[in-house]
Amino acid sequence: MKKLIKNGTIVTPSLSYQSNILIENGIIAAIQPGLETSDTEIYDARGCRLFPGFIDAHTHLDMAMGPTVTADDFRTGTRAALAGGTTSIIDFATQDKGDTLTHALGKWHRKADGISACDYGFHMAIIDWNPEICNEIQSIADAGVTSFKVYLAYDNLHVSDSAIYEILRRVGQVHGIVGAHCENGDIISKLIDTNLRRNNTQPCFHAQSRPDLAEAEAISRFTYIAQMAEVPVNIVHLSSEAGLMAAKSARQRGADIYIESCPQYFILDDSCYYLPGFEGAKFVCSPPVRSKHSQTALWNALSAGSIDTISTDHCSFNWKGQKELGRNDFSQIPNGLPGIEHRPVLLYTYGVAAGRISENQFVASLSENTARLFGMFPQKGQIAVGSDADIVVWNPSCQGTLTAQNQVQNVDYTPYEGLKIQGGAKAVFLRGELAAENGKVLFENQGKYIHRHSCDYYHKNS
Ligand SMILES: [Zn+2]
């Protein structure tokens with residue numbers, strides 16, 4: 001049956017306008033006033049904004065970390081995504097040392113296929129680079145994975161600068177993109193070691209061991225390597241003003257740099273690490289959340305259009321039993337925060353409703369830019385004829401409070417407990433089907449794999 005979403009205001013990166021959207025077979029068939037016929041099911045979106053389904057290009061679901069595994073798997077994480085208005089995610093498949101990328105991709109398909117509630121794709125994290133792995137890049141791209149990741153931190157994950165250079169060159173040949181976790185791993189290992197030897201074991205020393213200058217140094221190095229390799233790159237989870245300055249100076253040198261950041265760096269500040277008891281562990285992620293000063297710098301950059309995408313780095317661990325692994329040693333606290341469900345409402349509340357960014361910028365950074373950069377545009381990322389009917393009917397005026405008790409995420413806390421929010425996903429359509437309504441998920445197991453094509457280095461066209 002055809003569906004008609006009527007009377008809503010469609011929001012694109014450049015304008016907001018009222019129209020009706022006709023959906024046929026999961027695809028947007030027409031956008032214009034009227035369009036009502038006898039065999040059409042009507043959804044009245046009066047008073048609401050219509051956003052393209054939000055895309056979260058940075059999640060870690062069903063991922064092992066040390067002795068434990070993330071609290072959310074693909075079943076629970078993608079349900080939480082839908083509840084908040086996110087209709088597509090890109091998760092990180094990660095190569096094991098000594099193993100192939102093909103094997104890693106198969107492993108992640110087995111984690112996600114058949115149980116995901118929203119649509120999903122994978123990036124490929126490369127941790128072991130050699131000529132055989134180099135030969136796999138084309139077939140991985142042909143399998144719909146055109147984005148890759150390298151780590152400049154973590155002893156078990158990071159690759160050498162020369163490997164980064166070669167990976168950039170090779171991925172550039174298939175018109176893909178490489179994102180990097182930018183922190184100087186050697187310095188951080190040293191600082192962790194020094195703190196533990198001084199018996200500084202509390203969560204605040206996690207943040208103190210990962211200073212913003214360690215991020216800035218790694219961003220600077222990574223972007224210089226990218227310029228030498230002559231390919232565009234993506235900086236994931238940019239967290240600090242110092243990091244932002246390094247990225248901006250790379251742009252001034254002429255490097256084509258894409259920047260991702262995450263809600264925690266806009267909304268939380270480092271005072272959380274000094275909360276009494278073991279509360280600070282709830283906020284342990286890498287990079288850590290920064291000073292209030294950095295928050296302001298990030299908001300200004302988002303408002304100025306210097307930050308391209310907002311994703312979450314969703315990597316949830318329960319406070320009880322998981323974060324507690326590091327009760328006597330901050331370096332044993334599993335790193336990561338939940339966020340997959342709340343990113344849209346957090347950025348709407350503290351960005352759009354607070355007057356820091358427009359609703360058009362909101363759509364660009366949570367959906368369209370992400371779809372373009374990661375080779376899923378125009379199937380995803382816009383409300384336009386021919387695109388998948390992934391549509392969020394957003395009530396801009398409802399108000400509420402975030403609590404762990406009423407979240408869908410399968411984790412025993414939220415770092416945003418008690419925060420007042422404005423706006424919310426009233427209805428979420430995934431490929432034309434009503435998948436969630438007022439935070440209740442109506443869809444199970446219907447998520448489809450997104451076979452992504454070559455990346456659109458859209459800075460070049462703008
Ligand atoms: Zn991550």
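Quick note: the coordinates plus some simple rules give every number you see, no bench work behind them. Because the structure is a prediction, the values reported are computed rather than measured. We place every Cβ from the backbone using ideal geometry, glycine too, and count neighbours over all the protein chains shown.
Dipole magnitude for the chain: computed about the Cα centre from +1 point charges on Lys and Arg Cβ and -1 point charges on Asp and Glu Cβ, it is near 700 debye. Under 5 Å from the amide H of Val69 lies no amide H of any residue 5 or more positions distant or on a separate chain, with H modelled from the backbone and absent for Pro and chain starts.
Of the residues Phe266, Phe148, the one with the fewest other Cβ atoms within 10 Å heads the list, and the complete ranking is Phe266, Phe148. Gly98 sits among other residues whose Cβ lies under 12 Å from its own Cβ, and their net charge, with Lys and Arg +1 and Asp and Glu -1, is -3.
Listing Leu15, Leu61, Leu325 from fewest to most neighbouring C-beta atoms within 10 Å gives Leu15, Leu325, Leu61. For a straight C-alpha distance cut-off of 12 angstrom, the aspartates and glutamates reachable from Lys190 (same-chain residues fewer than eight places away being disregarded) are Asp155.
In terms of its Cα atoms, the range 386-451 spans 40, 28, 20 Å along the principal axes, sorted from long to short. Just so you know, the Cα atoms of the range 1-76 work out to an Rg and Dmax of 18.4, 58 Å. Dimensions of the range 146-274 along the principal axes, based on C-alpha atoms and rounded to the nearest Å, stand at 48, 29, 25, largest first.
Quick one: Arg46, Arg75, Arg356, Arg210, fewest Cβ neighbours within 10 Å first, how do they rank? Don't jump to the answer; show the numbers that get you there.
Numbers: Arg46 9, Arg75 20, Arg356 17, Arg210 25.
Fewest to most other Cβ atoms nearby, the residues stand as Arg46, Arg356, Arg75, Arg210.
Of the residues Leu35, Leu442, Phe317, the one whose Cα sits farthest toward the positive end of the charge dipole of the chain, with +1 on the Cβ of Lys and Arg and -1 on the Cβ of Asp and Glu, is Leu35.
Among Lys3/Lys380; Lys380/Lys460; Lys323/Lys420; Lys2/Lys448; Lys97/Lys248, which pairs are too far apart, with a Cα-Cα distance over 23 Å?
Working: Lys3/Lys380 19 Å; Lys380/Lys460 20 Å; Lys323/Lys420 25 Å; Lys2/Lys448 21 Å; Lys97/Lys248 34 Å.
Distance filter (> 23 Å) returns Lys323/Lys420; Lys97/Lys248.
Comparing His175, Tyr120, Ala218 along the charge dipole axis of the range 54-380, the residue lying farthest to the positive side is Ala218, per the Cβ-charge model.
Once you reduce the range 283-322 and the range 156-192 to the center of their Cα atoms, the two points are 20 Å from each other.
Rounding to the nearest 10 and keeping the result within 0 to 90°, find how far the Cα-based axis of helix 101-112 lies from the longest principal axis of the chain. With both axes taken from Cα atoms, the answer is about 50 degrees. Cα centroid separation, the range 4-34 to the range 221-271: 35 Å.
From the Kirkwood radius over Cα pairs of the chain, Stokes-Einstein at 20 °C and 1.002 mPa s returns a whole-number translational diffusion coefficient of 97 µm²/s.
Averaging the sequence gap over all C-alpha pairs within less than 8 Å and six or more residues apart, then dividing by the number of residues, gives the chain a relative contact order of 22 percent. Ignoring lysines fewer than eight residues from Lys320 along the same chain, the ones with Cα atoms less than 22 angstrom from its Cα are Lys282.
The range 327-344 and the range 62-123 have Cα centres spaced 17 Å apart.
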